[in-house]
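Trainee: Once you've had a glance at the structure underneath, I'll fire off some questions.
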Amino acid sequence: MDLSTSRRTDMCGELTAADVGRTVSVCGWVDRRREHGEHLAFIDLRDHTGIVQCVVDGSHDLRGEYVARLTGAVRLRPADTANADLATGAVEIEVHEIEILAEAEPPPFPLDERTDVDETIRLRHRYVDLRKERMQRNLRTRAAVNSALRRGMESQGFVEVETPMLIASTPEGARDFVVPSRKEPGSFYALPQSPQLFKQLCMVGGIDRYYQIARCLRDEDLRADRQFEFMQLDCEASFVGQEDVFEFVSHAVAEATEAVTGTRPVDFPRITWLDAQERYGSDKPDVRFAMELVELTPVFDATEARVFQAPCVKGIRMEGGVDALSRNQIDGLVDTCKRWGAKGLAWMKVVDGDGGPALDAGVAKFLSAGESSAVIAALDAVPGDMVFLVADERPVVRHVLGLLRLELGRPPVNEGGLHFLWVVDFPLFEALGDGGRPVPAHHPFTMPHPDDVDLLEQGGDALLEVRSQAYDLVCNGWELGSGSIRIHRPDIQSRIFELLGIGEEEARAKFGFLLDAFRFGAPPHGGFAFGTDRLTALLVGESNIREVIAFPKTQSGADPLTNAPSPIDAAHLEELGLRILPPAT
Ligand code: ASP
């Protein structure tokens, strides 16, 4: 692309031997300056395309990070000084005109990729940090992802509709950020946790296929893969079943992946939520490596070993674990598993026994001969392997072994390529809370699985068996996003509200407008949303989404650059009808 302007003819990183003899003007920041004798200086000038070496003969005032326009003739570097590591390494500019466009204080930290700089300092001076090659690559990849997603959705007939930021609460289950109303002191807008209700209204409004790259705000504790505000590719379509939604979303994700990596993922396999839990101990399994959880409950049906007298026993096998783990590390794993909620972690080494592989060390002595050989057979273990067993309630076993599996086997973020996976048949309710009241696993508009609607009537523990038409897209162990087929029938919706303990009055107050809309002809519909920050991070191999966001908040939710959040003045508070209470002691 031609990026020349009235001030520059060329980009720093694009000059090659083919340009030798041309007189060019380049603009950018002084990356490095090296003096060579009394007169000669080598200036590396940098813009977002790269660096070019410029030779200045004579005095000059250029310093690190000064912004300059340098004009001169392109010439070949002497063969012995060519730099094969640099795209422009064969050439240099023999400068005859220097124009300093802006002076600069010394940068607050070095801009090379080798120096590890405290994140708060990076974020305080993000404008300097953004000049780094890594940040330039990440933000430009992000833009490429967004535009590929748009293309991917639009080519399938999806229409971009912008939904409002100042709204009433959305039922995603996190805390809302709120904005006080000046016109109606004491009343508040909520910032959207997602465009959920509006996209459903778009379906009632006949939009048929909606999408938006939407900003969502959730007041939750921050983690490496979570920010207060994040972007989602949000979509909704009418007259669809979940297979249609998988098709739409897989297509858009494939477009974005291909745009960045050059390779189009073709495989988007499915796994049921139950299977994911049983085999990987997670609803977002990282399927890049095996080490699956193996069912051992029947092996210990009549066991004499107290540690294995539990409703559920499962195990995992670490190939070559005997050599890979020290005794100290094993003890550390036992402690970690206890922190994760297990009573303990049973471990054993697989060794060469008289009649084949045998178990040794750890809890091996508590197992009968039959149990030992059954464990070895079930786990397919060979000498040199370590086996780890957890015996407990089934959800605890899955959870702890699922985490242990990641701890022992998980490769770096995008090693081995991207492995997308649809997790289907999520339970409708994730638990029974106070007074046996079910807690929704997704939002309350999620359609139950058609085969399980009868279970809704049974109530009690049967509710936890109810599957929903909700699904997640997972990649390399990250939850990219979720969606569901929605309830468009008022009778089923009232039943769900009733089960969730949302009375008619509350339902009217919170979602009255949606329920009203459904009285005027709602098509069956469903949709999905996934985090574009997360997808971009996976594509560029960053394990922290802050690296792909231009101006993120720190882990504690602060912005060291603008100092947000910050107090507002008394007059402003007065106008909003607000008074600040002294901090609770
Ligand atoms: N609104 C949901 C979310 O943001 C996505 C969906 O159900 O479409 O998680």
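The values are calculated or read from the model by the stated rules, or taken from the named source; none is laboratory data. Here the structure is a predicted model, which means the values were calculated and not measured. Glycine also receives a Cβ, built like all others from the backbone with ideal geometry; neighbour counts cover every protein chain displayed.
Trainee: Restricting attention to helices (runs of 4 or more DSSP H) lying wholly within the range 302-397, give those where 2 or more residues are over 29 Å from residue 465 (Cα atoms), without any contact (Cβ under 8 Å) to a residue 24 or more places away in the chain and within 38 Å of the chain's Cα centre (by Cα).
Mentor: Correct list: 327-339.
Trainee: Determine which single condition residue 192 fails, assuming it passes every other condition in (1) surrounded by fewer than 22 Cβ atoms within 10 Å (Cβ to Cβ); (2) within 11 Å of the ligand (Cβ to nearest atom); (3) free of Cβ contacts under 8 Å to residues at least 40 places away in the same chain; (4) not hydroxyl-bearing (Ser, Thr, Tyr).
Mentor: (1)
Trainee: Moving on to the next point. Within the range 410-417, is even one residue within 16 Å of the ligand (Cβ to nearest atom) and either surrounded by fewer than 20 Cβ atoms within 10 Å (Cβ to Cβ) or without any contact (Cβ under 8 Å) to a residue 40 or more places away in the chain (or both)?
Mentor: There is no residue in the range 410-417 that is within 16 Å of the ligand (Cβ to nearest atom) and either surrounded by fewer than 20 Cβ atoms within 10 Å (Cβ to Cβ) or without any contact (Cβ under 8 Å) to a residue 40 or more places away in the chain (or both).
Trainee: On the given criteria, is residue 275 within 14 Å of the ligand (Cβ to nearest atom), assigned to a helix (DSSP H, G or I) and surrounded by fewer than 17 Cβ atoms within 10 Å (Cβ to Cβ)?
Mentor: Spelling it out, it is not the case that residue 275 is within 14 Å of the ligand (Cβ to nearest atom), assigned to a helix (DSSP H, G or I) and surrounded by fewer than 17 Cβ atoms within 10 Å (Cβ to Cβ).
Trainee: For the range 307-341, name all the residues that are more than 15 Å from residue 362 (Cβ to Cβ) and either touching a His at 6+ places or on another chain (Cβ under 9 Å) or of a type in the set (Lys, Arg) (or both).
Mentor: Those that are more than 15 Å from residue 362 (Cβ to Cβ) and either touching a His at 6+ places or on another chain (Cβ under 9 Å) or of a type in the set (Lys, Arg) (or both): 314, 338, 339, 340, 341.
Trainee: Another question, then. Would you mind stating whether residue 542 is assigned to a helix (DSSP H, G or I), among the acidic types (Asp, Glu) and under 15 Å from the mean Cα position of the chain (by Cα)?
Mentor: no
Trainee: So residue 547 passes all but one of these: (1) modelled with pLDDT under 95; (2) surrounded by 15 or more Cβ atoms within 10 Å (Cβ to Cβ). Which condition number does it fail?
Mentor: (1)
Trainee: Specify which of the listed residues (575, 505, 542) is touching a residue at least 60 places away in the same chain (Cβ under 8 Å), farther than 28 Å from residue 231 by Cβ and of a type outside the set (Lys, Arg).
Mentor: 575
Trainee: Do we find that residue 181 is under 20 Å from residue 48 (Cβ atoms) and touching a residue at least 60 places away in the same chain (Cβ under 8 Å) in this structure?
Mentor: no
Trainee: Another question, if that's okay. Any residue in the range 464-482 that's closer than 19 Å to residue 452 by Cβ: show its pairings with residues that are hydroxyl-bearing (Ser, Thr, Tyr) and within 16 Å of the ligand (Cβ to nearest atom) at Cβ separation under 6 Å, as long as the two are six or more apart or on different chains.
Mentor: Between residues of the range 464-482 that are closer than 19 Å to residue 452 by Cβ and residues that are hydroxyl-bearing (Ser, Thr, Tyr) and within 16 Å of the ligand (Cβ to nearest atom), the close pairs are 468/446; 469/484; 470/446; 470/484; 472/482.
Trainee: Scanning the range 442-476 for residues that are surrounded by 21 or more Cβ atoms within 10 Å (Cβ to Cβ) and of a type in the set (Gly, Ala, Ser), which turns out nearest to residue 267 (Cα to Cα)?
Mentor: Applying the filter and picking the extreme gives 470.
Trainee: Does residue 451 fit the bill of being modelled with pLDDT of 90 or more, farther than 24 Å from residue 233 by Cβ and of a type outside the set (A, V, I, L, M)?
Mentor: So residue 451 fits the description; yes.
Trainee: Read through the list (1) within 29 Å of residue 439 (Cα to Cα); (2) within 14 Å of the ligand (Cβ to nearest atom); (3) at pLDDT 95 or above, then give the number of the only condition that residue 174 fails.
Mentor: So residue 174 meets the others, but not (3).
Trainee: Is it the case, given these coordinates, that residue 224 is hydrophobic (A, V, I, L, M, F, W, C), at pLDDT below 95 and more than 15 Å from the ligand (Cβ to nearest atom)?
Mentor: For residue 224, the condition - hydrophobic (A, V, I, L, M, F, W, C), at pLDDT below 95 and more than 15 Å from the ligand (Cβ to nearest atom) - is met.
Trainee: Further, regarding this structure: Pick from the range 229-253 the residues that are of a type in the set (Gly, Ala, Ser) and either within 21 Å of the chain's Cα centre (by Cα) or within 12 Å of the ligand (Cβ to nearest atom) (or both): which of them is surrounded by the most Cβ atoms within 10 Å (Cβ to Cβ)?
Mentor: Restricting to residues being of a type in the set (Gly, Ala, Ser) and either within 21 Å of the chain's Cα centre (by Cα) or within 12 Å of the ligand (Cβ to nearest atom) (or both), the top hit is 252.
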